[in-house]
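The values are calculated or read from the model by the stated rules, or taken from the named source; none is laboratory data. Note that the coordinates shown come from a computational prediction; the quantities given were computed from them, not determined experimentally. Here Cβ is always computed from backbone atoms with ideal geometry, including for glycine, and neighbour counts include all displayed protein chains.
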Amino acid sequence: MEERYEALKELGAGNFGVARLVRDKRTKDLVAVKYIERGKKIDENVQREIINHRSLRHPNIVRFKEICLTPTHLAIVMEYAAGGELFEKICTAGRFSEDEVSFCPYFFQQLISGVSYCHSMSALLHSKPKSTVGTPAYIAPEVLSRKEYDGKRILGVQYSIPDYVRVSSDCRRLLSQIFVADPSKRITIPEIKQHPWFLKNLPREISEREKASFKDKEAVEPTQPVDEIMRIVQEAKTPSDMSNLDPALLAEMAELESEEEDAEAGDDTY
């Protein structure tokens, strides 16, 4: 891992582990690496996430590159999204309204385009997570309550739009159709894609992609074969032999564990 990639800085941490920005020494490309401690954390959910991610090739979905094994962690190498967390931008700004920033619809259009693609790939994906792998702010209530996850369920619908936030009638109608507890009455992705608010100023690249039933023309079979991925994941299930580790690696492992503990402590306060 260290021979191929140069660590630059930490990007974030969560229940899964730690994410870092690294540079590919060979290509000079910047990539993001998610580190998950070897051993019991490497379960069927992690394996399924990796295999699913490998299958996705879409401009609005962070791309999977490869997985590597360090003496202490499983490293998942991904495309680096330099724009940062949208959630953090919202927290920093306080709020975004339609008339304040023109990119709000564009974020939504990209989100729907990516989700629609995932739905179209559902026959190839195996996703029925029963763990809390991920960021609590984005986890469904069913998962947090340790119930089996069903992506079509919303336990309750509670939201309000403050009077001082200017939101168009089209946007309000769309939100009221999305935030519906009964999935049989909730607006579908294809219906959202025909909604006036979604279609407003729809970028040409998204419009053409939707009409063409998107297939990435540049997409090629990922260089890392599935059998190699499975072999590495299986090996990662074996905990590190701490007695044979270099002191520098032990120090790095302690740093990663400290970052993970800080993230878990922060997650309890949301």
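Worth pointing out:
- Among the criteria (1) farther than 25 Å from S120 by Cα; (2) surrounded by fewer than 18 Cβ atoms within 10 Å (Cβ to Cβ), the one G14 does not fulfil is (2).
- Selection within region 5-57: residues that are in a loop (DSSP other than H, G, I, E, B) and among the β-branched types (V, I, T). The member of this set that is nearest to I229 (Cα to Cα) is I42.
- Helices (runs of 4 or more DSSP H) completely within region 97-181 that count 3 or more residues being within 16 Å of W197 (Cβ to Cβ) and at pLDDT 55 or above: 103-120, 169-178
- Top-ranked residue in region 17-40 [being out of contact with any strand residue (DSSP E or B) (no Cβ under 7 Å at 6 or more places or on another chain) and in contact (Cβ under 8 Å) with a residue 60 or more places away in the chain; ranked as surrounded by the most Cβ atoms within 10 Å (Cβ to Cβ)]: G39
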